[in-house]
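Below you will find the structure I want to go over with you.
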Amino acid sequence: MQKFVITGGRRLCGELALQGSKNSSLPIMAAALLCCGDCTLHSCPKLTDVYAAARILNCVGCKCSFEGNTAVINSENIGSTEISEELMREMRSSIIFMGAMLGRAGECTVSVPGGCELGPRPIDMHLAALRKMGVDIRESGGSIICKAPSGRAKGAKISLAFPSVGATENIILCAVTADGETVINNAAREPEICDLCGFLRSCGADISGDGESRIIINGKHQLHGCEYTIMPDRIVCATYLSMVAATKGELILTNACVPETEPFLSVLEQTGCSIYTSEKKIYLRSGSRLRAVRDRIRTMPHPGFPTDAQAVLMAALCVADGTSVFEENIFDCRYRHTDAFVKMGADIQVLGKVAVIKGREKLHGANVEATDLRGGAAMVIAALCAEGSSEISRICHIDRGYEKMEEAVGLFGGDMRRV
Ligand code: EPZ
């Protein structure tokens with residue numbers, strides 16, 4: 001098993017072009033199932049989760065190939081509507097293939113995704129919405145067997161109890177080829193939803209309202225292939241900004257999605273670092289020790305502070321001057337990284353959904369284990385701020401979402417090796 005060996009204490013400076021978004025790529029790859037003809041996706045990040053999505057596509061009979069950061073998917077001849085439990089288990093977001101396969105074939109068999117590192121991850125909202133669209137769903141021995149009786153789901157009016165990203169994506173994927181109009185109230189407003197809709201519109205889908213709470217979709221009989229560029233990854237953006245800010249460094253990020261990153265930038269700015277933005281660039285300078293964030297940092301659905309950026313900002317605030325408070329409102333179990341920070345000398349108290357971080361002048365190196373994707377990335381940040389050497393194991397979690405993080409850190413002048 002590979003690990004990262006990091007020697008901290010250096011001021012990181014550099015420039016980086018951001019990778020494409022993982023959380024856009026996955027639903028867009030699933031959406032390619034709905035299209036007749038080639039879908040060419042540019043800026044597709046080279047990540048284990050993306051390769052897991054490609055394996056699902058290939059298994060059901062699509063042809064999915066990569067050249068650099070371009071993926072080409074052809075779904076003309078699918079031979080199966082069943083996704084094996086083994087493939088479903090590889091990544092939790094495989095559940096979005098349910099809506100896409102229903103939209104394509106009117107039926108599918110997938111398996112119950114179960115919990116994950118972030119705690120229980122139910123799919124009750126996904127299932128209730130699809131049922132409302134006329135899909136018969138049976139759960140049997142860990143399998144979910146779905147069938148639209150007439151071969152096509154029906155448009156429906158759906159009100160989500162919570163703006164779930166995955167449920168919104170599944171409904172959209174099923175609705176774009178359903179019979180009639182679907183309205184989603186209280187839809188997720190995340191930028192990745194807009195990216196999925198942008199891709200689907202390029203394939204001929206009729207969707208409006210994405211980015212707002214009410215999305216309206218008029219089903220079409222068939223979609224066609226297209227060429228599309230995936231949006232930049234706003235969470236990778238938040239990660240490298242937190243990393244460089246924490247080491248009192250300087251960073252230019254190109255290929256950035258500035259408006260989409262604003263909810264994070266407005267909080268990071270409160271730490272005292274200077275941030276300048278232009279159309280697709282973010283420039284950050286952090287000459288001195290960060291200040292704690294005065295207001296409680298509450299994770300919320302977009303446009304609130306993103307839960308995926310909670311751990312990476314917390315790593316930076318472990319060495320800030322003063323006390324910062326986080327409130328995690330999206331996932332039940334998203335503070336598992338804090339034990340590693342404490343092992344590195346951080347002062348953190350967690351009580352339920354609240355974490356109180358009293359900034360320390362210094363952290364020290366330690367051997368820790370990545371608990372999940374963003375938590376693992378946050379441990380890299382803490383190790384880069386710490387005095388001495390750290391080892392981070394189970395980095396397979398980090399490789400799910402970051403293209404060769406050690407190369408980016410090396411470019412910034414950091415000492416980080418994969419061994
Ligand atoms: C997406 O997960 C992202 N994953 C997550 O990113 C992200 O943290 C999350 O949205 C929130 O922004 C992808 O896009 C692939 P949800 P998703 O459905 O769709 C509960 C990362 O680090 N819920 O919005 O699974 C659920 O348990 C990852 O890149 C139900 O109760 O998130 C959670 O508490 C991790 N029932 C909350 O809603 C349901 O049917 C939000 O989940 C569905 C969700």
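The values are calculated or read from the model by the stated rules, or taken from the named source; none is laboratory data. This structure is a prediction, so every number in the text was calculated from the model and none was measured. Glycine also receives a Cβ, built like all others from the backbone with ideal geometry; neighbour counts cover every protein chain displayed. The area values use the complete protein model at the heavy-atom level, side chains included, leaving out ligands, DNA and RNA. Shrake-Rupley method; radii C 1.70, N 1.55, O 1.52, S 1.80 Å.
Would you please name the residue that is nearest to the chain's Cα centre (by Cα), looking only at residues in the range 325-347 that are open to solvent by less than 20 Å² (accessible area, probe 1.4 Å) and more than 16 Å from the ligand (Cβ to nearest atom)?
Filtering the range 325-347 for residues that are open to solvent by less than 20 Å² (accessible area, probe 1.4 Å) and more than 16 Å from the ligand (Cβ to nearest atom), the one nearest to the chain's Cα centre (by Cα) comes out as Thr338.
Please work out if Ala31 is surrounded by fewer than 21 Cβ atoms within 10 Å (Cβ to Cβ), outside the structural domain of Leu118 (by TED's automatic domain parsing), within 16 Å of the ligand (Cβ to nearest atom) and under 26 Å from Ile137 (Cβ atoms). Break it down into steps so the answer makes sense when it comes.
Values: surrounded by fewer than 21 Cβ atoms within 10 Å (Cβ to Cβ): no; outside the structural domain of Leu118 (by TED's automatic domain parsing): yes; within 16 Å of the ligand (Cβ to nearest atom): yes; under 26 Å from Ile137 (Cβ atoms): yes.
So Ala31 does not fit the description; no.
Arg336 versus (1) touching a residue at least 40 places away in the same chain (Cβ under 8 Å); (2) part of a helix (DSSP H, G or I): which is the lone unmet condition?
All conditions are met except number (2).
Return the residue satisfying two criteria in turn: it lies in the range 51-75 and is small (Gly, Ala, Ser) and in a strand (DSSP E or B), and of such residues it is least open to solvent (accessible area, probe 1.4 Å).
First pass over the range 51-75, keeping only residues small (Gly, Ala, Ser): 52-54, 61, 65, 68, 71, 75.
Next, only the ones that are in a strand (DSSP E or B) stay: 65, 71.
Working: Ser65: 65, Ala71: 0 Å².
Going through the qualifying residues, I end up with Ala71.
Another one. Among the residues of the range 79-102, count how many are in a loop (DSSP other than H, G, I, E, B) and touching a Gly at 6+ places or on another chain (Cβ under 9 Å).
3
When only residues in the range 261-294 that are over 18 Å from Ser324 (Cβ atoms) and either free of Cβ contacts under 8 Å to residues at least 24 places away in the same chain or of a type in the set (S, T, N, Q) (or both) count, which is least open to solvent (accessible area, probe 1.4 Å)?
Thr261
Output the residues belonging to the range 138-168 that are within 13 Å of the ligand (Cβ to nearest atom) and open to solvent by 10 Å² or more (accessible area, probe 1.4 Å). Lay out the reasoning, then the answer.
Step one: filter the range 138-168 for residues within 13 Å of the ligand (Cβ to nearest atom), giving 144, 158, 160-168.
Once the filter is applied, which keeps residues that are within 13 Å of the ligand (Cβ to nearest atom) and open to solvent by 10 Å² or more (accessible area, probe 1.4 Å), the range 138-168 yields Leu160, Ala161, Phe162, Pro163, Ser164, Val165, Gly166.
Could you please find all residues in the range 398-417 being open to solvent by 20 Å² or more (accessible area, probe 1.4 Å) and within 23 Å of the chain's Cα centre (by Cα)?
Pass one, the range 398-417, residues open to solvent by 20 Å² or more (accessible area, probe 1.4 Å): 399-400, 403-404, 406-407, 410-411, 413, 415, 417.
Passing the criteria: Asp399, Arg400, Glu403, Lys404, Glu406, Glu407.
Now for a different question. If I ask for residues that are of a type outside the set (Val, Ile, Thr) and surrounded by 24 or more Cβ atoms within 10 Å (Cβ to Cβ), which ones from the range 356-372 would you list? Lay out the reasoning, then the answer.
Step one: of the range 356-372, the residues of a type outside the set (Val, Ile, Thr) are 358-367, 369-370, 372.
Of everything in the range 356-372, those that are of a type outside the set (Val, Ile, Thr) and surrounded by 24 or more Cβ atoms within 10 Å (Cβ to Cβ) turn out to be Leu363, Ala370.
Is it true that some residue in the range 202-210 is at pLDDT 95 or above, surrounded by 20 or more Cβ atoms within 10 Å (Cβ to Cβ), under 24 Å from Ile123 (Cβ atoms) and within 16 Å of the ligand (Cβ to nearest atom)?
The answer is yes; a qualifying residue exists.
Can you name every residue in the range 169-188 that is touching a helix residue (DSSP H, G or I) at 6+ places or on another chain (Cβ under 8 Å) and within 16 Å of the ligand (Cβ to nearest atom)? Working first, answer last.
Of the residues in the range 169-188, the ones touching a helix residue (DSSP H, G or I) at 6+ places or on another chain (Cβ under 8 Å) are 169-178, 182, 184, 187-188.
Glu169, Asn170, Ile171, Ile172, Leu173, Cys174, Ile184, Ala187, Ala188, listed by residue number.
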